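Down below is the structure, laid out as structure tokens.
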Amino acid sequence: MDTPRARFLTACLPALLLAAPFALAQQSPPAPQPLDTIRAAALQAVGGHDATGEARLDSRLRLAACSQPLEAVATGPRIAQVRCGDTPGWRLYVPVTLRREADVVVVTGPVRAGEPIDPARLSVQRREVGQLDGAVFSDPAELAGRIPARSLGAGDVLTGNDVQAGQPVKRGDPVVLVSRAGGVEVRQPGIAMGAARVGERVAVQNAGSSKVVRGRLTPETGVVEVVL
């Protein structure tokens with residue numbers, strides 16, 4: 001039917017068709033913050049500018065795009081806090097796994113806790129150390145006189161958490177009690193009343209007076225310094 005209303009609608013139809021995509025675009029949600037930018041910020045915070053590794057995020061995560069550079073700080077050896085400073089912004093904790101290789105000292109044969117490490121059971125090998133806790137060693141000579149705090153197996157990488165500088169003691173071991181006062185040092189024989197590693201406190205019975213005192217086990221083998 002050719003009526004004035006029909007002719008009006010026909011004339012307006014092209015304009016309505018052009019405006020429809022624009023209206024839909026205006027209603028669509030804004031693009032979220034790219035996850036790769038969050039991963040990069042977390043990785044750099046934990047490992048530095050040249051770090052390689054993985055920052056783990058749920059691929060379904062959707063956060064508002066930040067209008068300013070992301071801020072990231074390491075809150076632990078394997079986790080970073082990434083935040084957007086917008087108002088309102090957001091904050092996220094991201095687990096990070098670093099990949100880092102180095103020439104380090106490893107054990108080539110079984111090593112028992114509390115027994116001096118045999119240098120013949122150490123070698124230097126190229127290993128992935130990004131996930132290790134504690135300082136690593138690059139020279140077997142650094143471990144001279146060290147005592148493993150736990151049993152180690154062939155292939156284990158030695159870290160600072162695995163070894164100590166002196167010999168531990170156990171209940172009944174003979175020790176030397178050292179007390180210092182006014183620049184005078186007195187040494188007396190004693191018996192350990194419990195087990196201790198270097199740096200830990202232990203009760204010791206004085207072999208002469210039978211008095212029990214507490215002291216700290218020193219790196220010097222079998223020597224307990226009295227704690228006053």
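At a glance:
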{"quantity": "Loop-resident sites, segment 151-228, for trypsin sites (Lys or Arg not before Pro), counting at most 13 other Cβ within 10 Å (DSSP)", "calculated": "K170, R171, K211"}
{"quantity": "Per residue accessible area of the chain, 1.4 Å probe, in Å²", "calculated": "63"}
{"quantity": "For segment 105-117, 3J(HN,Hα) per residue [Karplus equation, 6.51 cos²θ - 1.76 cosθ + 1.60, θ = phi - 60°, Hz, x = Gly/Pro]", "calculated": "7, 10, 8, 9, x, x, 10, 8, 4, x, 10, x, 6"}
{"quantity": "Long-range HN-HN contacts of V163 with modeled amide H, under 5 Å", "calculated": "A149"}
{"quantity": "Theoretical FRET efficiency, 1/(1+(r/R0)^6), r = Cβ-Cβ of S151 and E101, R0 25 Å, to 0.05", "calculated": "0.45"}
{"quantity": "Helix 4-27 axis, angle to the chain major axis (alpha carbon atoms, nearest 10°)", "calculated": "10"}
{"quantity": "Convex hull volume per residue in cubic angstrom - Cα atoms of segment 59-171", "calculated": "164"}
{"quantity": "Identified option (computed Cα Rg over 2.2 N^0.38 Å; candidates (i) 0.98; (ii) 1.92; (iii) 1.25)", "calculated": "(ii)"}
{"quantity": "Modelled FRET efficiency - R0 22 Å, E220 with K170, Cβ distances, 0.05 increments", "calculated": "0.80"}
{"quantity": "At R0 = 45 Å, FRET efficiency that the Cβ-Cβ distance of D50 and S179 yields, to 0.05", "calculated": "0.30"}
{"quantity": "Theoretical gain in end-to-end length, V124 to A40 [0.36 nm per residue, Cα-Cα removed]", "calculated": "27.0 nm"}
{"quantity": "For the chain, share of DSSP beta bridges that run antiparallel, in % to the nearest 5", "calculated": "95"}
{"quantity": "Amide hydrogen neighbours beyond the local backbone of T75, cut-off 5 Å, H modeled", "calculated": "A80, Q81"}
{"quantity": "Cut-off under 5 Å, modelled amide H: who pairs with A207 long-range", "calculated": "G190, I191"}
{"quantity": "Positive-end residue, the chain charge dipole about Cα centroid, Cβ charges, pick of W90, T108, A55", "calculated": "W90"}
{"quantity": "Whole-Hz ³J(HN,Hα) from phi, Karplus 6.51 cos²θ - 1.76 cosθ + 1.60, for segment 48-62, glycine and proline x", "calculated": "x, 5, 9, 5, 10, x, 9, 10, 8, 9, 5, 5, 8, 5, 10"}
{"quantity": "Relative contact order %, the chain, counting alpha carbon pairs below 8 Å whose residues are six or more apart", "calculated": "11"}
{"quantity": "GNM result for the chain, Cα springs below 10 Å: residue of V178, V163, V46 fluctuating most strongly", "calculated": "V178"}
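The values are calculated or read from the model by the stated rules, or taken from the named source; none is laboratory data. What you are looking at is a predicted structure, and each value in this text was computed from that prediction instead of being measured. Quick reminder, even Gly has a Cβ in these numbers, built from the backbone with ideal geometry, and neighbours come from all protein chains shown. In case anyone asks, the SASA skips ligands and DNA or RNA and just uses the protein heavy atoms, side chains included. Shrake-Rupley method; radii C 1.70, N 1.55, O 1.52, S 1.80 Å.
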